[in-house]
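Here's the structure, in structure tokens; my notes come after.
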Amino acid sequence: MKKLLLAGIGLALSAMFAGAAPATAQTAKTLRIGLAEDPDLLDPTLARTYVGRIVFASLCDKLVDITPELEIVPQLATEWQWTDGNKGLVMKLRQGVKFQDGEPFDAAAVKLSIERHLKLPGSNRKAEISAITGVDIVDDHTVKLVLSAPFAPLLAQLTDRAGMMVSPKAAQAAGDFSTHPVCAGPFKFVERVAQDRIVLERFADYWNKDKVYFDKVVFLPIPDSTVRLANLQSGGLDLIERVMATDVEAVKKDSRLKFADITSLAYQSITTNLNNGPRSKNPLGQNARVRQALELSIDRAAVNQVVFNGLFQPGNQWVPPGNPFYVKSVPVPGRDVAKAKQLLAEAKAPNPSFTLTVPTNPETLQAAQVIQSMAAEAGFDIKIQATEFATSLDLAVKGDYEAYLIGWSGRTDPDGNIYNFVSCKAPPALNTPHYCNEDVDRELDTARAIEAPAERLAHYAKVAERTLADRPLIYLWHQKWLYAMNAKLAGFSPYPDGLIRPQGMRMQ
């Protein structure tokens, strides 16, 4: 029955998207990418998801980008210079660039896009670039970002959604921008069918069109990793992201496929509802000793071995051990069931029960089951609630959860991995526990204003001391990005941010 199901899905996708033979001249014009989830809103100002960022990499160019080595390089901005004691950033813009609706990309468009990130209700970019107080138009192709104070993470933030530029005409038009986004990337939006597909087609006037070899890119959300891989093997897909660690060896042995991986900037954690509505009113949400006990009940190394074949890296902070901003004075704790039981006794909650919301990803669900079994030995009764990914995000924002096994795809600057999740000023769509500590905010804000890594680390150490004791998030592991693709697909390069950049990709 399972084989028939997989074959049926593969045939359906193959029929819908030009056959199961990617090497032919006809099908080579379309790049079909299998995603682990369906993205949320296709609006760079409002979006939250990692898979959304993968789609944006084909749709929306940014002011600056990164290399696989994490160097910041030009994209829509060709050069930049700090001024006014690092309280101003002057950026020269690429000339001759058009948005996908034909509107020109210029300084006025940058001003509108940045101000939209800062002012649009519900913006998830505001806290990322909150130091910007104004955008001055120097001339048609030069802007100056005016800051309230020096802001070390700014360029890193502009390599992601905060740096994505949108068409002023489309952004100011009536209607929901996310239903028909217009940017300045290599492919333009055609259609979206929720839970089924997102279709983009090549933008003929793209500024870097000589690096674009496909006529279309089709993104297909397929949450089941086994089905995703089966469709790649059958020819219904050309590239899939987040291959299951246990499938890596099979991919490597398949002559029809190629494998690629890279160490990510991401982390996975258990996020606990501390103060976001009535579902926070339970021992886990209200007592830090119970959260400490939960952490001590988990053997991170064992989870890594059992679920991820040892490919991932156990961790306990927002950056992995070995990162220059990892706080070494607070190392990864080992498992201690006896201590966990003692803490639960002290908290007068010897058998706490809570529901763990988990996206319907087989690998994540398996990890949740291992954690459930481990925690039970300390006295915890964990009920796993498997939930469709986008729905789980919405439930978390509304406070309709107790604990949530969820990840963050990571940013090049450590601020991007911590600020929006624990700051009192963070958007509620990201700080879903509603955690707030004024001392933590002060240290985070100070770290943002300092350029020297050693000085920033001293402030992050104070953040770690507080947040790792309060545990709004219990960090568990740092994954690798694992990809599989048709052996004839050339030009793919993995990046630590996990984005799939289509420039240079082609079918041989």
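Which of the residues belonging to region 148-183 are out of contact with any His (no Cβ under 9 Å at 6 or more places or on another chain), assigned to a helix (DSSP H, G or I) and of a type in the set (D, E, K, R)?
Lys169, the sole residue that qualifies.
Report, ordered by the first and then the second residue, all pairs with beta carbons closer than 7 Å, sequence separation of six or more or different chains, a first member in region 122-141 that is under 20 Å from Ala107 (Cα atoms) and modelled with pLDDT of 95 or more, and a second member that is among the β-branched types (Val, Ile, Thr) and crowded, with 19+ Cβ neighbours inside 10 Å.
From residues that are under 20 Å from Ala107 (Cα atoms) and modelled with pLDDT of 95 or more, the pairs are Arg125/Thr45; Ile132/Ile114; Val135/Val110; Val135/Ile114; Val135/Val143; Asp136/Val143; Ile137/Val143.
Does region 341-378 hold any residues that are in a loop (DSSP other than H, G, I, E, B), open to solvent by less than 60 Å² (accessible area, probe 1.4 Å) and more than 23 Å from Met244 (Cβ to Cβ), and which are they?
Once the filter is applied, which keeps residues that are in a loop (DSSP other than H, G, I, E, B), open to solvent by less than 60 Å² (accessible area, probe 1.4 Å) and more than 23 Å from Met244 (Cβ to Cβ), region 341-378 yields Ala347, Ala349, Pro352, Ala378.
Which pairs do you get when a residue that is open to solvent by less than 50 Å² (accessible area, probe 1.4 Å), found in region 328-340, comes within reach of a residue that is hydroxyl-bearing (Ser, Thr, Tyr), reach meaning Cβ atoms under 7 angstrom, with the pair 6+ apart or on two chains?
Filtered contacts from region 328-340: Val337/Ser297; Ala340/Ser297.
Identify, please: which residue in region 1-60 is more than 17 Å from the chain's Cα centre (by Cα), of a type in the set (Lys, Arg) and modelled with pLDDT of 60 or more and is, among those, farthest from Asn420 (Cα to Cα)?
Step by step, filter region 1-60, then rank; the result is Lys29.
Counting only residues that are assigned to a loop (DSSP other than H, G, I, E, B) and open to solvent by 40 Å² or more (accessible area, probe 1.4 Å), which one in region 299-320 is farthest from Tyr460 (Cα to Cα)?
Asn309
Among the residues of region 118-133, write down those that are open to solvent by 20 Å² or more (accessible area, probe 1.4 Å), closer than 21 Å to Arg48 by Cα and not in a loop (DSSP other than H, G, I, E, B).
Correct list: Leu118, Lys119, Lys126.
When you look at Ser113, is it closer than 21 Å to Phe389 by Cβ, open to solvent by less than 10 Å² (accessible area, probe 1.4 Å) and part of a helix (DSSP H, G or I), yes or no?
no
Could you tell me whether any residue of region 63-70 is buried (at least 18 other Cβ atoms within 10 Å of the Cβ), assigned to a loop (DSSP other than H, G, I, E, B) and touching a residue at least 40 places away in the same chain (Cβ under 8 Å)?
Yes: one or more hits.
Among the numbered criteria (1) in contact with a Gly (Cβ under 7 Å, 6 or more places away or on another chain); (2) within 29 Å of Leu344 (Cα to Cα); (3) of a type in the set (Ser, Thr, Tyr), which single criterion is violated by Thr432?
(1)
For every residue, the table says whether it meets (1) open to solvent by 20 Å² or more (accessible area, probe 1.4 Å); (2) under 23 Å from the mean Cα position of the chain (by Cα); (3) of a type in the set (A, V, I, L, M, F, W, C).
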| residue | (1), (2), (3) |
| --- | --- |
| Val135 | no, no, yes |
| Lys144 | yes, no, no |
| Pro181 | no, yes, no |
| Asp215 | yes, no, no |
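List the pairs whose first member sits in region 102-117 and is free of Cβ contacts under 8 Å to residues at least 40 places away in the same chain, whose second member is of a type in the set (Val, Ile, Thr) and open to solvent by 30 Å² or more (accessible area, probe 1.4 Å), and whose Cβ atoms are under 9 Å apart, counting only residues at least 6 apart or on separate chains?
Final answer for the pair search is Asp106/Ile137; Ala107/Ile137; Ala107/Val138; Lys111/Ile137.
Could you check, for region 464-479, whether at least one of its residues is more than 18 Å from Arg48 (Cα to Cα), β-branched (Val, Ile, Thr) and touching a strand residue (DSSP E or B) at 6+ places or on another chain (Cβ under 6 Å)?
Taking every residue of region 464-479 in turn, at least one turns out to be more than 18 Å from Arg48 (Cα to Cα), β-branched (Val, Ile, Thr) and touching a strand residue (DSSP E or B) at 6+ places or on another chain (Cβ under 6 Å).
Yes/no matrix, rows are residues, columns are (1) at pLDDT 95 or above; (2) open to solvent by less than 10 Å² (accessible area, probe 1.4 Å); (3) out of contact with any strand residue (DSSP E or B) (no Cβ under 7 Å at 6 or more places or on another chain):
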site: Arg197; (1), (2), (3): yes, no, no
site: Leu220; (1), (2), (3): yes, yes, no
site: Gly235; (1), (2), (3): yes, yes, yes
site: Asp238; (1), (2), (3): yes, yes, no
site: Glu241; (1), (2), (3): yes, yes, no
site: Glu249; (1), (2), (3): yes, no, yes
site: Lys252; (1), (2), (3): yes, no, no
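Which of the helices (runs of 4 or more DSSP H) found entirely inside region 401-508 contain at least 3 residues meeting this: open to solvent by 30 Å² or more (accessible area, probe 1.4 Å)?
Where helices (runs of 4 or more DSSP H) fall fully within region 401-508 and carry at least 3 residues being open to solvent by 30 Å² or more (accessible area, probe 1.4 Å), they are 438-448, 453-470.
What's the number of the only condition in (1) among the hydrophobic types (A, V, I, L, M, F, W, C); (2) touching a residue at least 40 places away in the same chain (Cβ under 8 Å); (3) out of contact with any helix residue (DSSP H, G or I) (no Cβ under 8 Å at 6 or more places or on another chain) that Ala301 fails to meet?
Of (1) among the hydrophobic types (A, V, I, L, M, F, W, C); (2) touching a residue at least 40 places away in the same chain (Cβ under 8 Å); (3) out of contact with any helix residue (DSSP H, G or I) (no Cβ under 8 Å at 6 or more places or on another chain), only one is false for Ala301: (2).
Of Ala204, Ala260, which residue is assigned to a loop (DSSP other than H, G, I, E, B) and either in contact with a Ser or Thr (Cβ under 8 Å, 6 or more places away or on another chain) or modelled with pLDDT of 95 or more (or both)?
The conditions single out Ala204.
Just to be sure, is Asn273 crowded, with 22+ Cβ neighbours inside 10 Å, touching a Gly at 6+ places or on another chain (Cβ under 9 Å) and under 22 Å from Gly407 (Cα atoms)?
Considered against the rule, which asks whether it is crowded, with 22+ Cβ neighbours inside 10 Å, touching a Gly at 6+ places or on another chain (Cβ under 9 Å) and under 22 Å from Gly407 (Cα atoms), Asn273 comes out as yes.
What pairs come up if the first residue lies in region 380-397 and is in a strand (DSSP E or B), the second is of a type in the set (Val, Ile, Thr) and open to solvent by less than 10 Å² (accessible area, probe 1.4 Å), and their beta carbons are under 6 Å apart, counting only those six or more places apart or on different chains?
Ile384/Val358; Gln385/Thr357; Ala386/Val358; Thr387/Thr357
The values are calculated or read from the model by the stated rules, or taken from the named source; none is laboratory data. The model shown is predicted, which means the values in this text are computed figures rather than measured ones. For neighbour counting, all protein chains shown are included, and Cβ atoms are generated from backbone atoms with ideal geometry for every residue, glycine included. For the accessible areas, the whole protein counts, side chains as well, though only heavy atoms, and no ligand, DNA or RNA atoms are used. Shrake-Rupley method; radii C 1.70, N 1.55, O 1.52, S 1.80 Å.
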